[in-house]
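A short write-up of the structure that comes next.
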Amino acid sequence: MIRFAWLQSRTQTLVTAALLTALAVTATITGVHFSNLYHSLVGHCQTGCDLATSDFLSHGHFMQRMLDLVAQVVPALFGIFWGAPLLTREFETGTYRLAWTQSVTRSRWLVTKLAVVGTATAVLAGALTLTITWWYRQFDVLDSNQYAVFERRDIAPIGYAVFAFALGTLVGALVRRTLPAMAATLVGFVFARVAVQLWVRPHLIAPLHKATSLLVGGMGFEISDGTVHVITKGAAPANSWEVSSNLATSSGLTPTTAQVSAYVHQYCPAIAVPPAAGQSVGKAPDPSAFQACQSQLARAFHLVVSYQPASRYWTFQWLETGIFVALALLAAVGCYWVVTRRTA
Amino acid sequence: MTVALEANGLGKRYGRRWALRDCSLSIPQGRVVGLVGPNGAGKTTLLHLAVGLQTPTAGTVSLLGDRPGSGPAALARFGFLAQDAPTYSRLKVREHLTMGAYLNPAWDTAFASARTEELRLDPGQRAGTLSGGQRAQLALTLAVAKRPELLLLDEPVASLDPLARREFLQTLMEVVASRSISVVLSSHLIADLERVCDYLVVLVAGTVAVAGDVDSLLASHHRLVGRRRDPLTLPSDQSVIEASHVDKQTTLMVRTDAPILDPGWTVTPVTLEDLVLAYMRRARDGAVELSTGLAAVQ
């Protein structure tokens, strides 16, 4: 049965592999080029490294846009073009009647197909994400917060692709028609990705907390209906994932919005001027007044930052991959149940 | 004698509609069985239930004594040619034979390749580009090379032109004779079955209208033509399948195992087609309402 499953999926696997090889060749050629550029600009810099770094980072935007797109989209494509049609094609052309009357049980037929095509999905998605991660290695070191590109690097995309494939087959088994199954797979996949990103991932491990001065990191003011909101950002340690940052009083309590607003109104009236009528953004305050206000606020408040440290990056990668592989197994079990139990 | 296909109170419901209802029959092995009935009579449903593609809503069915879908051994014992002869349009003829070899432990490689050669099927051709007749032949080859004890074919010739139809049935009979396989063959056209079948099951509106050996069915049914009379006056061992009356004449089809002695009747034999059509009409219109039918014309 393995040989037959391969016979049936051979063409699509080889075509996909060829496309990915073309991408990998492009990535290798440009990757070597950027690697040389990195070494000549940044690798040996003694002085003026900031300039050299920004010079290096000004290159390769086209490839970056392309690879970002590929990394984001390809896992979903495994679901839409491999997962969804896997069973719907059998139903639509009636070939399930041929397949299920050979001397192989329906359950073995399904499990083997899922295993063979699922493995091909994992292998090809793995090759893809390896290529992309390798291409980005120097850009990532210099530029990005690793958590900002979390979904497009390392092993997480393998989990996404395997899940998309399994979801596609489950939807196909339920819907039995290719186009609706493809559409439903895309919707389901995007929903699962967003749900995990927004509601699951932040709660996987309790974040660390750190108190810092208000003078660290960025700060801004937002005025609406006379209330001044203080916005803070970037006070978490480098390369970590800032979950939240809140003001706190010297006694450790979180001040209310009204308290903060009143404080700003009292100590920095120059900041608390609302925008002129008809304008959404107020005139930028005088830098010295801004700094004065910042120091003024720093006397009364400090920042409490919740963050996931850089060292937990791989833990999160494994957890994310694990969650999606587990979801994929769940979808596969559902598909098995539908195909073997439900009347054809 | 072992039983090829046995059904007891078998029923299958789709939503509110019963595609097959209270179907009981027992088909002996070693026969070529014609399963005939109008479109929508439940022929496909019956065959799908028998091979385990579907599960019954009511009753039981067994194929060669096995419960359908009970495992690979049961699957290996029959060959099934589904309606419209499904094949994988993107796989080549050769790859279909490879599939058969991969998926069936008893696969007869020599037969499969000899057969495709005889049919002049190009092994490198994709199944999607074959003609309807060639595709049906390929599907039949796949089903037979499994070395089944029983071959079930669902409307195998319905979509074929007359020449391909004849060729297909000829191939089928050659194969069946040389390999002593039992066959169940469905069709909505009795003409397709007349030449090949020796056992007949007539299915109408989801139930079995009549079933039996073709020769004994023909021997026990007679057409009686005579002076107009009420069929109720017939001897009790003659059951009326169909009655029609014009002016002074009554025509009946009766079933009886005893000879017809009444000299008032002209007795002629019935053809298989007459017989099947009579049962189909009867099942459609309900059993002959004898005296009221007569009263209406009087």
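Here are the numbers:
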quantity	calculated
Ranked list, fewest to most other Cβ atoms within 10 Å of each Cβ, for B:Ser244, A:Ser58, B:Ser186	A:Ser58, B:Ser244, B:Ser186
Stretch gain in nm, segment A:Ala289-A:Asp50, where the contour uses 0.36 nm per residue and the Cα spacing is subtracted	83.1 nm
Value of relative contact order over region A:20-174, rounded to a whole percent, pairs C-alpha under 8 Å and six or more apart	40 percent
Spherically averaged projected area of region B:14-109 from its Cα convex hull (nm²)	8.1 nm²
Rounded FRET efficiency, nearest 0.05, which uses the C-beta distance separating B:Ser26 from A:Asn36 and R0 of 60 Å	0.15
Extreme residue, positive dipole direction of region B:98-207, given options B:Cys197, B:Ser182, B:Leu103 (C-beta unit charges)	B:Leu103
For chain A, cysteines whose Cβ has no other cysteine Cβ within reach (under 4.7 Å)	A:Cys335
Mean projected area (nm²) of the alpha-carbon convex hull when the protein assembly as shown is viewed from all directions	45.4 nm²
DSSP bridge pairs, chain B: antiparallel proportion in percent, nearest 5	70 percent
Residues of region A:150-177 with amide N under 20 Å of the 7 Å Cα→Cβ point at A:Ile205	A:150-160
Cα gyration tensor of region B:56-194 - equivalent ellipsoid semi-axes, whole Å, descending	23, 19, 14
Residue order, fewest to most surrounding Cβ atoms within 10 angstrom, among A:Glu92, B:Glu194	A:Glu92, B:Glu194
B:Arg229-A:Gln12 FRET efficiency (beta carbon distance; Förster radius 60 Å; 0.05 resolution)	0.25
Debye log10 I(q)/I(0) for chain A, one point scatterer per Cα, at q = 0.08, 0.12, 0.14 Å⁻¹	-0.58, -0.97, -1.11
Nitroxide proxy distance, nm - points 7 Å out along Cα→Cβ at B:Arg90 and B:Leu163	3.3 nm
Net length gained if the chain between B:Leu189 and B:Ser216 were fully extended (0.36 nm per residue, minus Cα distance)	7.7 nm
Ratio Rg/Rh [Cα only; Rh per Kirkwood] for region B:150-200	0.92
Alpha-carbon radius of gyration plus Dmax, which is the widest Cα pair, for chain B in Å	21.8, 70
At q = 0.18, 0.21 Å⁻¹, base-10 log of I(q)/I(0) for region B:167-284 (Debye sum, equal scatterers on each alpha carbon)	-0.95, -1.18
Label-point separation, B:Glu174 to A:Thr315 (7 Å along Cα→Cβ), nm	7.4 nm
Percent antiparallel among DSSP beta bridges (both partners in the protein assembly as shown, rounded to 5)	75 percent
Exposure proxy order (Cβ contacts within 10 Å, fewest to most) of A:Tyr160, A:Tyr307	A:Tyr307, A:Tyr160
Dipole magnitude (debye, nearest 20) for region B:22-128, charges at Cβ of Lys, Arg, Asp, Glu	100 debye
Candidate lysines - alpha carbon under 21 Å from A:Lys113, same-chain residues fewer than 8 apart omitted	B:Lys92
Two-site FRET efficiency, B:Thr129 against A:Leu19, from Cβ-Cβ distance with R₀ of 41 Å, rounded to 0.05	0.95
Cα-centre dipole for chain A with unit charges at Cβ (Lys and Arg positive, Asp and Glu negative), debye to 20	1620 debye
q = 0.17, 0.18 Å⁻¹: log10 I(q)/I(0) that the Debye formula gives for region A:77-218, counting C-alpha atoms only	-1.00, -1.07
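Computed from the coordinates by the stated procedures, all read-outs in this text should not be read as laboratory data. Because the structure is predicted, anything quoted here is derived from the model rather than measured. Every residue, glycine as well, gets a Cβ built from its backbone with ideal geometry; the counts of neighbours run over all protein chains shown.
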